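The values are calculated or read from the model by the stated rules, or taken from the named source; none is laboratory data. Values in this document were obtained by computation on a predicted structure and should not be read as measured data. Please note: Cβ atoms are built from the backbone with ideal geometry, for glycine as well, and neighbour counts cover all protein chains shown. Surface accessibility is based on the protein's heavy atoms, side chains included, excluding ligands, DNA and RNA. Shrake-Rupley method; radii C 1.70, N 1.55, O 1.52, S 1.80 Å.
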Amino acid sequence: MSVSLRLSCFLLALLLLNPCSRLTAQNPVADTRVLLPVPSMAQWGTSRFVLKDHWRVQLQGPKADSALRPTLTQFGAWLGQQTNDKRLRTEFVGSGAADLTIYYGRLGQLDLLDEEMYSLRVTPMGISLSANTHLGVLRGLATLRQLLSTDKKEHMFAEVDIADSPRFKWRGLLIDAARHFMPVAVIKRNLDAMAAVKLNVLHWHLSDDQAFRVESKVLPRLHQVGGQYYTQAQVREIVRYAAQHGIRVIPEFDMPGHTTSWLAAYPELASIDSTYGPAQTWRTLNIALDPTKETTYQLIDKVLAEMTPLFPDPYFHIGGDENDGRQWRRSPRIMAWSKENGFLKANGQLDKHGLQTYFNRRILQFVTKYHKKMVGWDEILGPGLPEDAVIQSWRGRKGLYDAVKQGHAALLSNGYYLDLNYSAATYYLNDPLPADAPLTASQQGMVLGGEATMWAEFADSVIIDSRIWPRAAAVAERLWSATYVRDVPDMYRRLALVSAELETLGLQHRQAPEQLLARLAGGRDVAAVRTLAGVLEPVKEYKRHFQGFTYTPSTPLTRLVDAAPAESEAARQFGVAVDGLAEYLKMAPATERFKGASSKSLLSFLNAQLRTWQTNDQRLQPLLVQGANLWEYAPLSTQLRLISALGLERLQMLEKGTAPSAAWQAAALKQLDAAKAPAGQAELAVVGHLRKLISL
Ligand code: ACM
């Protein structure tokens, strides 16, 4: 039996051991089955709709059903692949018997409320999908995709009656294409994945210190200085592809900070006269455009005149983050101008926030002139900011609350930073509007939703999928499903299903790290490399910037740390088992321990896992030779061996019913402290779980 199968047997046993924990929950318990995000309402039947060798789709809607045909055709092709039936093609039928009948009233408008609700009914006779708008149909199709299952060569959709609509209307994913360029194919497959979990906003971070990534025909040096860029035709293609999936595209052109690439192209915009090149570091530079020169605004006006028509969405993101004003303070010219124009405080220091708000107001004039609404990071909030600017809170939840209290619509990104390498559970439990949010009902109504962010300092086009998925799906459910849907183990169970689903859609979140491992193993023991990588995680938060390894935008992201998962599933499952063991020890009388099958299977899972980790070091030794590309991870391999041995010893004591001596425990905990030290910007993800095991 595989380790994971054995664990799920154990978990099932654990559930039966303690059935009351679910029933005592105060909120309704959602019958989640295979769906993520969980729909508002689902009534499950016991039958199913079995797929035949045809897939007839009838569209009953407005004449302009071209909005749905590409996605339906893509869906049909996917069905054909999943069922391995090359004959299965989407046939659009005008009348008569259909497998899937779709009713909808009109084309939806992406930025409005109530455009995404749908109802989906699967019966043995056929499937019907109804919605007010075509956007609801797209969401219903994402649900239908998750209902497909296979049994004894039959492919079927489970019988169910679903009525569904989202909790928040703005459910986004930020992809940073400035730090590392992300080719069109990368963006497209991530749009496929977003649609699969009902995310509906791609926040496309397109300019930063390193590069300006959109072709400018008017100011071509902008895109030329930073290397790779999207042609305008490619931008249109992505916007069109996103729209086909019911996804809005909101571009971000970050200013006045994060603009070194602009200055490399047009140094006359600089606050401090210098020579600028596109940034070759990931540090926050605090280099900013000069807000006092009219030429700055003339150039920005040209940029916006050219960029805004490429993006049909009414919202346009101007960034506004991370400019601490140091360049403005250092410029005698800017200080003199600020004195003349009332941007000095009583103590003679620069009113940096006032000056940046002045800049924002000037930018807002252009944004408005081009019929857009402005979005910015929470730094732009403050007196004088017009109310119709939308605030995206990243530095803390306070920014979200302050924004809506001051009359702005707002988005939560704080707590959804995928690049900080937190667990899916951490993102999942971060609710934009928890029950204790200090907001009135109307202020709550101003919270539009949130966005997961994938900043790409440490993600290139090869590994980005693995840094986004499947964890972003946890955010997708938080933003779509009811607030009481927050059962973490159940989320992880369904996250594994989503992860497999995304693979069928062409996402490379599993395949790309696997290819990296194969390269690192160089034809030798890839399983041993995989075992170590599987229990590593990149260091969390912003620590990777500060560990003595200097990154530039061209540093290859091909080390073991880049193949290590952002959240180790092996470590997580081990942690679940240790928690289960702790629960079991609390419940089972000492004389009765480890007699039943479920506790035996739990022990054997833990033992097997620890032995695999313990013996891996030796297998890995031939690959860990000095000078080879795995050398820097040798300390982690050794530590894994040592702490796994301690875990095995502790398990033996538990089985025998003997207690560890104080000296043994103290030495073990010391060893565990030593095992916390990162190497190669990665760390062992099991140290905490082993500490718990040792301390039982
Ligand atoms: C940000 O992370 N600087 C918005």
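Points worth noting:
- Per-residue ellipticity at 222 nm computed for the chain from its helices equals -13000 deg cm²/dmol, with DSSP H segments shorter than 4 residues left out and the rest contributing -39,500 (n - 2.57).
- Proximal lysines relative to Lys52, as straight alpha-carbon distance under 25 Å, when same-chain residues fewer than 8 apart are discounted: Lys86, Lys152, Lys153
- Residues in region 298-339 reached by a label modelled at Arg221 [backbone nitrogen below 18 Å; 7 Å Cα→Cβ]: 298-304
- Net charge of neighbours whose Cβ lies under 14 Å from the Cβ of Gln224, counting Lys and Arg as +1 and Asp and Glu as -1: +2
- Neighbourhood net charge (9 Å Cβ-Cβ; Lys/Arg +1, Asp/Glu -1) for Ile391: -2
- Karplus-derived 3J(HN,Hα), 6.51/-1.76/1.60, for each residue of region 101-107, Hz, glycine and proline x: 10, 10, 10, 8, x, 6, 6
- Peptide packing: for 468-481, 541-554, 571-584, the average count of neighbouring Cβ atoms within 10 Å per residue gives the ranking 468-481, 571-584, 541-554, highest mean first.
- Note that region 213-226 has calculated 3J(HN,Hα) couplings of 9, 10, 4, 10, 7, 7, 10, x, 4, 3, 7, 6, 5, x Hz, one per residue in order, obtained from phi through the Karplus relation 6.51 cos²θ - 1.76 cosθ + 1.60 (θ = phi - 60°); glycine and proline are x.
- Taking amide H as placed 1.01 Å from N in the peptide plane, the amide H of Ala211 sits under 5 Å from that of Ser261, each at least 5 places away or on another chain.
- The amide H of Leu174, built 1.01 Å from its N in the peptide plane, has His203, Ala452, Thr453, Met454 as neighbours under 5 Å, considering only residues 5 or more places off or on other chains.
- Calculated from backbone phi, Karplus (6.51, -1.76, 1.60) coupling profile of region 580-593 in Hz, x at Gly/Pro: x, 5, 4, 4, 4, 5, 5, 8, 7, x, 3, 6, 9, 5
- Euclidean distance of C-alpha centroids, region 71-141 and region 332-361, integer Å: 56
- Under 5 Å from the amide H of Asp254 lie the amide H atoms of Leu206, Ser207, each residue being 5 or more positions distant or on a separate chain, with H modelled from the backbone and absent for Pro and chain starts.
- Percent antiparallel among DSSP beta bridges (both partners in the chain, rounded to 5): 40
- Order by protection proxy (mean Cβ within 10 Å, highest first), peptides 249-262, 281-294, 594-607: 249-262, 281-294, 594-607
- Computed E for Asn607/Lys369 - FRET, C-beta separation, R0 51 angstrom, nearest 0.05: 0.15
- Highest mean packing first, where packing is the average number of other Cβ atoms within 10 Å per residue, the peptides 39-50, 391-402 line up as 391-402, 39-50.
- Within the straight-line cut-off of under 20 Å between alpha carbons, the lysines reachable from Lys670 are Lys692, sequence neighbours fewer than 8 places apart in one chain being disregarded.
- Heavy-atom surface analysis with a 1.4 Å probe gives the chain a carbon and sulfur content of 55 percent of its accessible area.
- Total formal charge among the other residues, if their Cβ is under 9 angstrom from that of His317, Lys/Arg +1 and Asp/Glu -1: -2
- A Förster distance of 45 Å, applied to the separation of the beta-carbon atoms of Ala435 and Arg106, puts the FRET efficiency at 0.80.
- Label point at Ala482 placed 7 Å out along Cα→Cβ; residues across region 115-135 whose backbone nitrogen lies under 18 Å: 117-120
- Inter-label distance, nm, simple model (7 Å from Cα along the C-beta direction), Glu268/Gln515: 4.5
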